[in-house]
Amino acid sequence: MTQVIQMITATQADWTGLVLRLTLAAMILPHGAQKLLGWFGGYGFKGTMQYFTGTAGLPAFIAFLVIMGESIGGLLLVAGVGTRVAALWVGAIMLGAMLTVHWQNGFFMNWFGANKGEGIEFFILALGIVAAILVTGGGKLSVDSVISP
């Protein structure tokens, strides 16, 4: 068990992990706040669950994991607690959204509203950040750096 905790919390004590995890958190937390709390024009937990399970056809358990991953996962990234697990969680959400919703819209984001939806370039960036966090860990000022054996 100690080896598993060490694998999850081990981190390089540099600024790279800090910058990466705060960047990913800054991107995902507002989306989580929309889905969980209804902030920033979101529908809140109930409305998001209804959309995910009804319109999008996701199983309730997966819909719940998406909402929690974007909100709680984002908070874990800010604190640097279980950084690799939190980043992997967010990465799974990004990969799922990319493959099920955005893939059909091509590569580019829809900057000027000319296309039907957003492409996958944003998701590729997010997944790159996730991959880098999986390599480096939480970095400086992370709870992981304090508790890592």
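Structure summary
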item: Point-charge dipole on Cβ atoms (K/R +1, D/E -1) for the range 2-147, about Cα centre, debye to 20; result: 180 debye
item: Using a Förster distance of 22 Å, the FRET efficiency for residue 110-residue 141 (Cβ separation, nearest 0.05); result: 0.05
item: Charge dipole (the range 2-147, unit charges on Cβ, about Cα centre) - positive-most of 59, 80, 95; result: 59
item: Net charge contributed by nearby residues that have their C-beta within less than 11 Å of residue 79 (K/R +1, D/E -1); result: 0
item: Gyration tensor (alpha-carbon) shape descriptor, the range 74-149, a/c threshold 1.5; result: prolate
item: Candidate lysines - alpha carbon under 25 Å from residue 116, same-chain residues fewer than 8 apart omitted; result: 35
item: Distance from the range 1-51 to the range 107-147 (C-alpha centre basis), Å; result: 11 Å
item: All-pairs alpha carbon distance profile, the chain, 5 Å steps from 0, percent; result: 2, 11, 17, 19, 19, 15, 9, 6, 2, 0, 0
item: Mean Kyte hydropathy of -1.0 or more with a Cα span along the axis of at least 18 Å, helices from DSSP in the chain; result: 15-37, 60-79, 83-97, 121-136
item: Whole-number Å³ per residue for the convex hull built on Cα positions in the range 27-75; result: 60 Å³
item: Alpha-carbon radius of gyration plus Dmax, which is the widest Cα pair, for the range 6-87 in Å; result: 14.3, 45
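Every number here is computed from the coordinates shown, using simple stated rules; none is lab data. All of these numbers come straight from a predicted model, not from anything done at the bench. Here the Cβ is made from the backbone with ideal geometry for all residues, glycine too, and neighbour counts use every protein chain on show.
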